[in-house]
1. From the C-alpha gyration tensor of the stretch 327-396, pull out the three semi-axes of the equivalent ellipsoid (sqrt of 5λ each), sorted largest to smallest, in whole Å.
2. Please list the three semi-axes, largest first and in whole Å, of the ellipsoid equivalent to the stretch 1-142, using sqrt of 5 times the eigenvalues of its alpha carbon gyration tensor.
3. How much length, in nm to one decimal, is gained on full extension between residue 86 and residue 24, taken as 0.36 nm per residue of separation minus their Cα-Cα distance?
4. For the pairs 264/335; 264/386; 158/335; 115/158; 115/386, flag any whose C-alpha to C-alpha distance is greater than 27 Å.
5. What's log10 of I(q)/I(0) for the stretch 499-556 at q = 0.18, 0.25, 0.31 Å⁻¹, Debye sum over Cα points only, no solvent?
6. Rounded, prolate or oblate: which fits the stretch 5-47, taking a ≥ b ≥ c as square roots of the Cα gyration tensor eigenvalues, rounded meaning a/c under 1.5, else prolate when a/b beats b/c?
7. Determine the sum of side-chain charges near residue 512: Lys and Arg each +1, Asp and Glu each -1, restricted to other residues whose C-beta is under 14 angstrom from that of residue 512.
8. With a/c under 1.5 counting as rounded, go ahead and sort the stretch 217-344 into rounded, prolate or oblate using the C-alpha gyration tensor (a ≥ b ≥ c being the square roots of the eigenvalues; past the cut-off, prolate if a/b is larger than b/c, else oblate).
Amino acid sequence: HLQSAGHTVTTVRSGAVYDPVDDNTYQLAPGDEDGYLSLFDDLRRKERFPNRIVHLWNVSAAPDAVAAAQDVAFYSLLHLAQALAQAGSGAPVRLDVVASGLHDVIGSEALSPIKALLLGPCLVIPQEYPHITCRSIDLDAADLGLSLDPSDATGPTKQATALWAELHAAPAAVVVALRGRHRWVQRYMELPLPPADQTPALLRPHGVYLITGGLGGIGLALAELLARTVQARLVLTARTALPQRAAWEDWRAEHEEDDPTSRKIAAVQALEALGSEVLVVQADVADEPQMRAAVAAAHSAFGEINGVVHAAGVAGGGIIPFKTRAMADRVLAPKVLGTAILDQVLAHEPLEFVVLCSSFNAMLGGVGQIDYSAGNAYLDAFAHAKARQSGPTTISINWGTWQEVGMAFATEVPEQLRQVKEMNLRNGLRTAEGQAAFERVLANPLPQLIVSPQDLFALLNLIKPTDKGGETEASGASLASSGTAAMPEQPSSPAPAPELHARPPLPTAYVAPRTSLEAEIASVWQQLFAIDAIGVDDNFFALGGHSLLVTQLVVRLQERFGVELPMRTVFEAHTIAELAGQLETLLWMAQNQQMQGEASDEEREEVEF
């Protein structure tokens, strides 16, 4: 349809190896990082570099193998973003990721949870590359006729027409679903859960419960709740083994109390003091033989397993340009492969519930969290798919930060982000609050529940997309993965000023600018973050700043004030007040140098040779 209208379209088909078939068509393996680099280098050389990309590889059925499915849903987008940034000029780009089977909207869709991995890249790519706008568009697999050819006697399907309209619309939402004549956008509803006035029906006295990541902070906290309420018999799996039980007292006597192994031993002993029997098993949840052995050990010790808490996970980290497959695989494995393995090895257990410990990152993304965000989005989608089937109650809990335990508590961060970490922890859940929330969730089970210690809606406003690319002219170039559609380019126009959102919850009180210099810097920050009422004591990183935004901030300040501003200045001066002090010094030095230069010009004698 685009080509018949005179547009230039580049089509990229999924294949085994990279192959430039002709000027208009390429073949590319979804997981081939080098292939994407070659593709965009070639498009740049041919002056066909796209500013509209429509990614359609997830419309078809997902591959059966987990690794191949991850290539299509996750790595194709990771590598696309890496190559796009490396070969591009930083000009605005719109990326629309079209899929089927993502969301349970009308109750009859054929769901494919593995495709939910694409939601992580859709959130995080624009957070790390501000010039890229990204959204996901979910179609109903029952209506995948996408013919837009005017000569087609059957005409376009309703969904094809809706998709065409959606691709032309401004990306006002990150997640969109098209069903028949209706367009759905994702929203969240506040649902205060009452305290559990009695033991949740899903728990039984002395029940047998398997907790993966059972020696981690959240795993032990939830184990304590089960021990205290029903004196549960607990099977705690962990990748790292504890010493033999007979050596525990000697270990604790020979090591400090804050030794990691000593703390875990003490925690297990505390569970037993509450009346629980505890079996600790060394097993990687992403290793099927190890998990089958763990289940066999549980049967030998306690009999049938009554419930599961999947709390195993690896913290994400590393921005997209430096994200390797090995790094991402390490994060995805416990979430994706581990969940699939649990589903297999426990298929014949009389389970009453399965709780998946997901994260805020599934909805909010986060710089450096493309893999962690994707893995947790998979857990959410898995729970929704399980809700359609007979079997145990399956719940995905999107946990916010825990103050005293968990990945956010344990993960080391660079010095410039330490204050942000401390702020997040201050705003996080206390262990007792997390335990109470878990009990309430079990008493009021839904497929997905978000436990938010902060104003979720204010946080979601921070990631609301803006149309950075606009429409583009027909003479430009576009790119379509799988070749069923691509978008024309329209003439670019000056970007409108971003809509300013309300001030989010911050650890500092609002303090208005006191000088004209502070007011000018505050204006730059407001436009950069699209936040109104930024105070002079607010921390750049607490507002959501990161290394890529530092670059933009430095460029804007240099343009406005005409001074050379070292990038380290922003990392050292975290607030508007501190930055104003630094800039005042630089401006004084620049003015002083200019005055000295003018005086030198007046005093200089001209000498002829």
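The values are calculated or read from the model by the stated rules, or taken from the named source; none is laboratory data. Everything numeric in this text was worked out from a predicted model, so none of it was measured. Please note: Cβ atoms are built from the backbone with ideal geometry, for glycine as well, and neighbour counts cover all protein chains shown. The protein model used for the area step is the full one, side chains on, heavy atoms only, and it has no ligands, DNA or RNA in it. Shrake-Rupley method; radii C 1.70, N 1.55, O 1.52, S 1.80 Å.
1. Values: eigenvalues 113, 36, 12 Å².
After diagonalising the Cα gyration tensor, the semi-axes are 24, 13, 8 Å.
2. Semi-axes (√(5λ), whole Å): 25, 17, 16.
3. 20.2 nm
4. Flagged as over cut-off: 264/386; 158/335.
5. -0.58, -1.12, -1.47
6. oblate
7. Local net charge: -3.
8. Details: a/c = 1.97, a/b = 1.33, b/c = 1.48.
The shape class here is oblate.
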